[in-house]
Structures are given as structure tokens and as C-alpha cells.
1. Quick test for you: out of ILE338, ILE276, pick the one residue that is out of contact with any strand residue (DSSP E or B) (no Cβ under 6 Å at 6 or more places or on another chain), under 20 Å from VAL466 (Cα atoms) and open to solvent by 10 Å² or more (accessible area, probe 1.4 Å).
2. Residues in the stretch 94-112: is at least one under 27 Å from THR196 (Cβ atoms) and either in contact (Cβ under 8 Å) with a residue 24 or more places away in the chain or open to solvent by 10 Å² or more (accessible area, probe 1.4 Å) (or both)?
3. Write out, first by first residue and then by second, each pair whose Cβ atoms fall under 7 Å of each other, whose residues are 6+ apart or on separate chains, and whose first residue, in the stretch 147-175, is over 13 Å from MET130 (Cβ atoms) while the second is of a type in the set (Lys, Arg) and loosely packed, with under 15 Cβ neighbours inside 10 Å.
4. When you scan the stretch 182-228, how many residues do you find that are open to solvent by 10 Å² or more (accessible area, probe 1.4 Å) and under 22 Å from SER311 (Cβ atoms)?
5. Restricting to the stretch 154-181, what's the tally of residues that are crowded, with 18+ Cβ neighbours inside 10 Å and basic (Lys, Arg)?
6. Has the stretch 319-334 got at least one residue that is open to solvent by 10 Å² or more (accessible area, probe 1.4 Å), part of a loop (DSSP other than H, G, I, E, B) and touching a Phe, Trp or Tyr at 6+ places or on another chain (Cβ under 8 Å)?
Amino acid sequence: MDFLSMNTLGYPILSILVFLPLAGAAIVPLLPGENSVRVWTLLVTLANAVVSLPLFTRFNPTSALYQFAEHHPWIASFNVNYTLGVDGISLLLVMMTTLIMPLCVLGSWKYIQKRVKEFMICLLVMETSMLGVFMALDLVLFYVLWEAMLIPMYLLIAVWGGPRKSYASIKFFLYTLAGSVFLLVAIVALYINQGTFSIPALMGQQYSERFQLLVFLAFFIAFAIKVPMFPFHTWLPAAHVEAPTAGSVILASVLLKMGTYGFLRFCLPITPGAAIGLLPALQWLSVAGIIYGGLTALAQQDIKKLIAYSSVGHMGFVTLGIFALNQRGLEGALLQMINHGVTTGALFLCVGMVYERSHSRELSDAAGLGKFMPIYVTYLTFFSLSSLAFPGTNSFVGEFLILAGAFFNNKIVAVCAIPGAILAAAYMLRMLQRVIWGGTNNPDQSRMYDLGWREAVTLAPLLVFVFWIGLAPEPFLRVMRPSLDHLLAQTGYHAPSALALAELIAR
């Protein structure tokens, strides 16, 4: 276990983070009223956020080892272990998850009025599953937690969703389940080949070219659906639009990142030869997602649908950075995963706040809100500028690093991705202009009231990160750099040439 740096905190912090929300969910049915359920869920998610702080303060940013590790035998006959750990790649995603969950509870305070207990149980079970996925270092444990996310997310859409919730929830379920089948096939193939489910032990091994290609494709389909990459994206807009506000925030901020996390944790270090051989195709798929997402978002009149399609474009930038396969591209991709979670999560919260007041998501119905909701449009402006990667905001740093990495790898691909940034400015500024000022025939907005303290507090932490990462990104980059350097070293280890893989594919 030389890849693990054992826990020196004196208590199992990772297990506490994983199981505290689940224990909180078990208490919810015993609580007497809906308000007590809301308060309890908020306290549990806040407690988990506080518990996670030592991960960042005590993390060794000079080490590429998995830190705070916990290792216990689970199913000895199949060499399955309960192994948890975080490195510079997973740490920031864990911290973002614990930050987002209390905000989801606050954002649902008035929005959810029916089956409040069941809703909060779903949120807490989701938190356990999501945190576990980012910490798991055993493939069986990873797969169990990956699948555990499916049911509560399906229920969030199917029970508390919009008018087309049945269609959206079933489509989400089928797409995700299909991806899980390919993930399971890849896991079984690796176990048969190596006799272990240990994720770090499977990295850097010598696999045949054909085996690498088949395992990579199985992993790729599973994770591309989750991202979602073009053309696997069609489930996402429906799920975003029909999901309740908290569901949309969780989808944008955390669930989509599990696909890109899978590329970093599995595809690159375990099957590097296949990844290198397929780089051109992967890069062009990323560019297609960037352009398609931007053009489709530009055509939307539903604000939530606009933000949903923008996610396709933004996640295209993330995958472009990953498959640039150099330090700048990977740093930009991982940072942009965090940025997208912060910014797009905040935008979905903003849409939900207007929907609570007007019961409409149409741009025409939100026209001219600036006069009556100045605090709201101030938040909306900053988050929109972040979404279009305005200098000084978090997304600017991420996109700059991604494009720098892409230029170093393939200048033609990088040039073709630049219109995506221009499209982002076009659709976000169009939305801002309509919402703040509108036109000459704005609807009567005098009944609209500005944000209360709860809503302002919900958005404030996300705004802090917009400027913290935008103006001082080095603390975040310093944490991820050793792990990404180690990943690059693993990717180049025993990697067959792109020409050899191309010949293999042709055969």
C-alpha cells in the first residue's frame, strides 16, 4: 500500500464524511414537523462541511499520495476492500460537494412544500453517495456508490420535478443505467486481468493494446454519458429543466463532474495507450460539444434550458483540457470542474428564486426585473460574467489554462474551440440585458420582491469563490499540481504510439 498516506488525524475523517449524511437521513423520519426536518437537514449538511475543513487545512500539497487513507478488508474471498483516500484531484471535488449541499437545503426551503421528509432524505443519501465516489479507491466500492446515486436522483426528478418529470426522470435513469453496464464490464475485465479491485494498483500496469482499447471504450461510454459529452448529452437538458432547483444544482455542481473525474481517475492512468491513440477524436468531440452547447443556448427562451445547454458547452471545455494531456490543460480542466460547479450551481439557484415568485422561467416574463430586484440582479450579473469567463472571475482562469493547454497540443482544435467562448458571451449577455432592463413592453414586475436574507446568504459563499479563484487561484492549483504531474507520468508509462492504436482500430 505504498500509494497510501495513512490517516494521521486520529479519527476516520473520510468515513465520517461519507456516513454522517446517511445517519442524518435515518433520523429524519423520527422528526415531528416539516420545519424541524429542514433545520435538521441543514444542520447535518453544515456539520459535514465543517468536518471536511481539516481535509484542506491538513492536506500535504507536495505529495501525490492518497491521504487520510482508510483501508479495511470487506469481501476477502474476492479481494474486495473498503479503501478510502483523497489526493489533489479528488480533494477539491469533495470540498465542493460539502459546500454545495447546505446551499441546496437553503434553496429548497420554500420551494419544496410536499413530501419534505422524503425530499431531505434523498438529498442526504445523495451526499453520502457523491462523497463516497470521490473517495473510493476500490472498484467495487466505487461502483456500489456510483449506482447508489441513481435512485435518489431519479426520485428528485420524478416526484418533485416539473410537468414533464416522468419523461425526464426515465430518460435520466435509462441513460445512466446504460452507462453503468459498460462501467461494470470494464471493472470485471480489469479484475480478471489483474486479480484486484484496487484502483491505484491497476494504474501503470502493462496491458495489451487490444485490452486497453476495449476497457477504455467501456469506461469512456460510462463517463461520457455522465459528463455528458456530445453526442451523449440529450438526457441533460430535460433533467435540468424538470428537476427541482436543488436537483439541478446537484446535477450541475457534482454529478456531471463524476464523468470527468472518471476520465482522470480511470481512463488516463489505467488505459493510457488507448487514450493517446484516440486523442484527436476525443478533442474534436469536445469541440463539437462546445459549439453545439453554445449555439443551442443562444436559441433558448427558457432561462433554465439556456443554462442547461450552456453546461454542455462548459463541460466540453473541461474534456478538451483533460484530453490536451499536458499540465496546463489538466490544471485548467480540474479547476474548471470546480468553477462550473460554483457558477452554474449559482445560476440554477438564481433561476429557482425567480420561479418561486413568478412560476415562470421564460425570458419574456423576467424582463425588467432590475428595477424591482436590485440585489438579485447584482448576484445574477456576477455569476453570468463568471459563466462567460470575464477576466477577474473564476472561469476565466480555468478557460485560459484549458486553451493554453489545447494550443500546446493541437493548435487547430484550440482555434476551433474559441468561438465557444464568444457564444458564451453572446447568450449570457443577452439574458442579462433582458432580465435587468428588458424592452419597451416589459410585464408588470411591481409584485416581484427582492431577495430575503436566506436567499442572499445562499448565494454569498458561491460569489466569494467566484472572486477568490478568479483573483488568487494559486492555493487551488498548488493542491492539485503534484497529483496531476503524477497522472501525466502514469499516462506516459508504457503508452503505445498513436499510430499503433490507429492500426489496431483499423483491424
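The values are calculated or read from the model by the stated rules, or taken from the named source; none is laboratory data. Quick caveat, the model's predicted, so the values are computed rather than measured. Note: ideal-geometry Cβ built from the backbone for every residue, glycine included; neighbour counts use all protein chains shown. Heads up: the accessible areas ignore ligands, DNA and RNA and are worked out on the full protein's heavy atoms, side chains in. Shrake-Rupley method; radii C 1.70, N 1.55, O 1.52, S 1.80 Å.
1. The unique qualifying residue is ILE338.
2. Yes, some residue in the stretch 94-112 is under 27 Å from THR196 (Cβ atoms) and either in contact (Cβ under 8 Å) with a residue 24 or more places away in the chain or open to solvent by 10 Å² or more (accessible area, probe 1.4 Å) (or both).
3. VAL159/ARG115
4. 4
5. Within the stretch 154-181, residues that are crowded, with 18+ Cβ neighbours inside 10 Å and basic (Lys, Arg) number 2.
6. Scanning the stretch 319-334, I find at least one residue that is open to solvent by 10 Å² or more (accessible area, probe 1.4 Å), part of a loop (DSSP other than H, G, I, E, B) and touching a Phe, Trp or Tyr at 6+ places or on another chain (Cβ under 8 Å), so the answer is yes.
Okay, residues lined up against (1) at pLDDT 90 or above; (2) assigned to a helix (DSSP H, G or I); (3) crowded, with 24+ Cβ neighbours inside 10 Å:
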{"residue": "PHE348", "(1), (2), (3)": "yes, yes, yes"}
{"residue": "GLY370", "(1), (2), (3)": "no, yes, no"}
{"residue": "THR378", "(1), (2), (3)": "yes, yes, no"}
{"residue": "GLY405", "(1), (2), (3)": "yes, yes, yes"}
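To keep it simple, each residue is scored yes or no on (1) farther than 28 Å from GLY162 by Cβ; (2) open to solvent by 10 Å² or more (accessible area, probe 1.4 Å); (3) part of a helix (DSSP H, G or I).
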{"residue": "TRP284", "(1), (2), (3)": "yes, yes, yes"}
{"residue": "ILE290", "(1), (2), (3)": "no, no, yes"}
{"residue": "LEU295", "(1), (2), (3)": "no, yes, yes"}
{"residue": "TYR309", "(1), (2), (3)": "no, yes, yes"}
